[in-house]
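The values are calculated or read from the model by the stated rules, or taken from the named source; none is laboratory data. For clarity, every value in this text was computed on a predicted model and none was experimentally measured. Every residue, glycine as well, gets a Cβ built from its backbone with ideal geometry; the counts of neighbours run over all protein chains shown.
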Amino acid sequence: MVLSSPPRPKFSVLSQTRRFFEEPFDLLSEVRQNLGDIFSLHILGLGRCVVFCRPDHLAEIYKLESEALAPGAIRYKLFASIVGDQISLGMDGDRYKRRRRQLTPFFGHRQMMQHTDNIRLLTEATLQGWSVGQTVQLQAELDRLALRVISRILFGDTEASIAEDLVRRAGAFLKAIKSPFVQTPFLRLPLGSLTPWGHYTACRRQLFEALRQEIRRRGGEDGGGVHGDRNGDDLLAKLTRSSLEDDPAQQLEAIVQEMAGLLIGGSETTSKAIGWTFLGLAKNPTVQNRLRQEIVEVLGRSPLRQEDIARMPYLDAVVKEGLRWQPVAPLVGFRRVERPIEIAGFHIPAGHIVAQATKETSRHEAFAQPETFDPDNHFLKQKNPLNRWLPFGGGQRVCIGMALAQLEMAVVLATVLQHCRLEISDQSTRPQQSGIAFQPTGGLPARISALTLGAHRG
Ligand code: HEM
C-alpha cells in the first residue's frame, strides 16, 4: 500500500510563516479544523513540520526515539544554540543519554518536594509587598517570583550578596532572550552590542562569568571546585559534585550551560502556567470556591507544608487543568525525522520535523467539553486521564522539570488563595508571546480586595 503525505494548507509558505509567528494558536486550530489531526506546515526557518494533535498519535511518536527521531538536532537550531553546545537540550544519542541519566535524579518528585517551604516562603514574601486596594500586574509578579524560585533551587546556598547578583544577572539574561531577534534563528545578527543579539550575548557572558566564579569560589583557591565543591545542597553544588564531563574545562562549561538552560526552561514556563490557571479560576468562580474550600479545610490558617500537598486532590486537579486549558507554548516536542516513519497511515520522510500542537492536543475531544475549565470532570472523575495529558511532552525527552513545575504551581496557587482575594479586571484569553512562553494578553491586572499577610493586610 502506498502511504500518502500529511495534507498541507493551500496558502503560501510566506503566509504560513507570518501567521505562525503572529497567531500560532489560531493558525494551528484553523488548519486542524480544515485538514484533520495530522497536517504539515512549512515555516521558514523551521522547515517542513508535521503537526500532531491527537494524544494517541503522540504516544506513538514519543515511543520512537533515538534512531528514528533526533530532538536535539532541531532544538539546537531553534533554542539551545543561544546557550551553547554543551547543553543537554541540544544533544542526541549516547552523549544525551549519559547527561540525562546524571541530571534526572536531581529533579525527582521527592527531591522537589523538599523545596515546598522555600517556594511558600518566597510566595509569602511576594504577598507581603502587596496591599489591599492596590492593583498589581499579576503576571509580572508571578514572573519575578518564578525567577526567585528557580534561582533558589539552582544557586540558593550561595552567600546572600552573590546570590542577589546572580539573580540580577539571570533576570537580565532572561529579559534579553525575549527579543524576536534572539528567539528567531535567522534574525540573530552579530552586529555589535547595540543590537538585541549583541545585548543578549553580553548578558549571557556576564551571567556565565558570574556562575564560573561562583563554582570556582566554592571549590577553593585552586579552582579545583569543578569536580570538588562541597558547599551547599543547591543544584550548583550537586552538579559540581557530579561528572557531567570528564574533562575539567568541559565540566565547567557543561554546568554553566545546564544552569542557563534550567533558568530559561524553569522560570517563565511555570509562571505563565500559573497565570493561565489564575485566569481559569477567575472565569470559573465555582471552581475557585471549591479550591478555596479545600485550602481552608486542609490548611486553615497554618502555612502549607510538604505533607499537605497529598491531602489536596482538588488543587492537583486544578494545576493539571490549568496546564491543559491553555498551554504556554503552541508547539512542543520537536523532533527531526532521521529515517522515514509511518504513522496513522501517513509517510513522513527523513529531514521533516514532527511536533505536538499543545492546545489542539489538550483540547482534543478525548476530553469531554474540552473548552471548559473543569478540573473535576477532566481529571478527578476520569479513568487514566494522564494518558491524554501531555503538557510536558513525552518519551525520553519529557520535561525534566515537570515535578518542580507542578509543585511550584500548587504551592503558589494555594498560598496566594489562602491569604488573598484578587479581582482580575482584564480577563482576555488571547495568548501573547513573552519570551519562550505565552501569557494572557494584558498581563492580568488584579485588584487586591482582601489580604491576610503583611503590613497592609485587611
Ligand atoms: C509549566 C511549566 C513547564 C512546561 C509546560 C514545560 C514543558 C516542556 C516541554 C513540552 C518540553 C519538551 C519535551 C519533549 O520534547 O518531549 C520540556 C523540556 C524541558 N524542560 Fe520543561 N516545562 C516546564 C517547566 C520546566 C522547569 C521548571 C524546568 C527546570 C527545572 C524545565 C526544564 C526543561 C528541560 C531541561 C527540558 C529538556 C529535557 C531534555 O531534553 O532532556 N521545564 N519542557
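Under the condition of being surrounded by fewer than 20 Cβ atoms within 10 Å (Cβ to Cβ) and modelled with pLDDT of 90 or more, which residue from the stretch 64-87 is nearest to ALA202 (Cα to Cα)?
GLY84
Please verify whether the stretch 296-310 includes one or more residues that are crowded, with 17+ Cβ neighbours inside 10 Å, touching a Phe, Trp or Tyr at 6+ places or on another chain (Cβ under 7 Å) and within 18 Å of ALA403 (Cα to Cα). Steps first, answer last, please.
Looking only at the stretch 296-310, we keep the residues that are crowded, with 17+ Cβ neighbours inside 10 Å, and these are 298-299, 304, 308-309.
From the residues that got through so far, the ones that are touching a Phe, Trp or Tyr at 6+ places or on another chain (Cβ under 7 Å) too are none.
No: zero hits.
Does VAL287 count as within 14 Å of the ligand (Cβ to nearest atom) and in contact with a Phe, Trp or Tyr (Cβ under 9 Å, 6 or more places away or on another chain)?
Working: within 14 Å of the ligand (Cβ to nearest atom): no; in contact with a Phe, Trp or Tyr (Cβ under 9 Å, 6 or more places away or on another chain): yes.
Spelling it out, it is not the case that VAL287 is within 14 Å of the ligand (Cβ to nearest atom) and in contact with a Phe, Trp or Tyr (Cβ under 9 Å, 6 or more places away or on another chain).
Would you pick out the residues in the stretch 125-164 that are assigned to a helix (DSSP H, G or I) and more than 27 Å from THR429 (Cα to Cα)? So that I can check it myself, show each step before the final result.
Going through the stretch 125-164, the residues assigned to a helix (DSSP H, G or I) turn out to be 125-128, 138-155, 160-164.
If the condition is that a residue be assigned to a helix (DSSP H, G or I) and more than 27 Å from THR429 (Cα to Cα), then ALA125, GLN128, SER151, ARG152, ILE153, LEU154, PHE155, ALA160, SER161, ILE162, ALA163, GLU164 are the ones that fit.
Listed here are the residues, each with its yes/no results for (1) part of a strand (DSSP E or B); (2) crowded, with 21+ Cβ neighbours inside 10 Å; (3) touching a Lys or Arg at 6+ places or on another chain (Cβ under 9 Å); (4) in contact (Cβ under 8 Å) with a residue 24 or more places away in the chain.
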| residue | (1), (2), (3), (4) |
| --- | --- |
| ASN289 | no, no, no, no |
| VAL319 | no, yes, no, yes |
| GLY333 | yes, yes, yes, yes |
| GLY351 | no, no, yes, yes |
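Tally the residues that are assigned to a loop (DSSP other than H, G, I, E, B) and small (Gly, Ala, Ser), restricting the search to the stretch 179-204.
Filtering the stretch 179-204 down to residues assigned to a loop (DSSP other than H, G, I, E, B) leaves 179, 184, 188-195.
Then keep just the ones that are small (Gly, Ala, Ser); that gives 179, 192-193.
Summing the residues that are assigned to a loop (DSSP other than H, G, I, E, B) and small (Gly, Ala, Ser) in the stretch 179-204 gives 3.
Scan the stretch 58-95 for residues that are within 11 Å of the ligand (Cβ to nearest atom) and more than 20 Å from the chain's Cα centre (by Cα) and report the count.
Within the stretch 58-95, residues that are within 11 Å of the ligand (Cβ to nearest atom) and more than 20 Å from the chain's Cα centre (by Cα) number 4.
Can you name the residue in the stretch 381-404 that is more than 7 Å from the ligand (Cβ to nearest atom) and over 17 Å from ASP56 (Cβ atoms) and is also nearest to the chain's Cα centre (by Cα) among such residues? Let's see the steps before the verdict.
Of the residues in the stretch 381-404, the ones more than 7 Å from the ligand (Cβ to nearest atom) are 381-390, 396, 403.
Add one more test, that the residue is over 17 Å from ASP56 (Cβ atoms), and what stays is 381, 396, 403.
Working: LYS381: 27, GLN396: 17, ALA403: 11 Å.
For the stretch 381-404, the residue satisfying everything is ALA403.
Please work out which one of (1) part of a helix (DSSP H, G or I); (2) within 14 Å of the ligand (Cβ to nearest atom); (3) crowded, with 17+ Cβ neighbours inside 10 Å; (4) polar (S, T, N, Q) is the condition GLN111 fails and give its number.
So GLN111 meets the others, but not (3).
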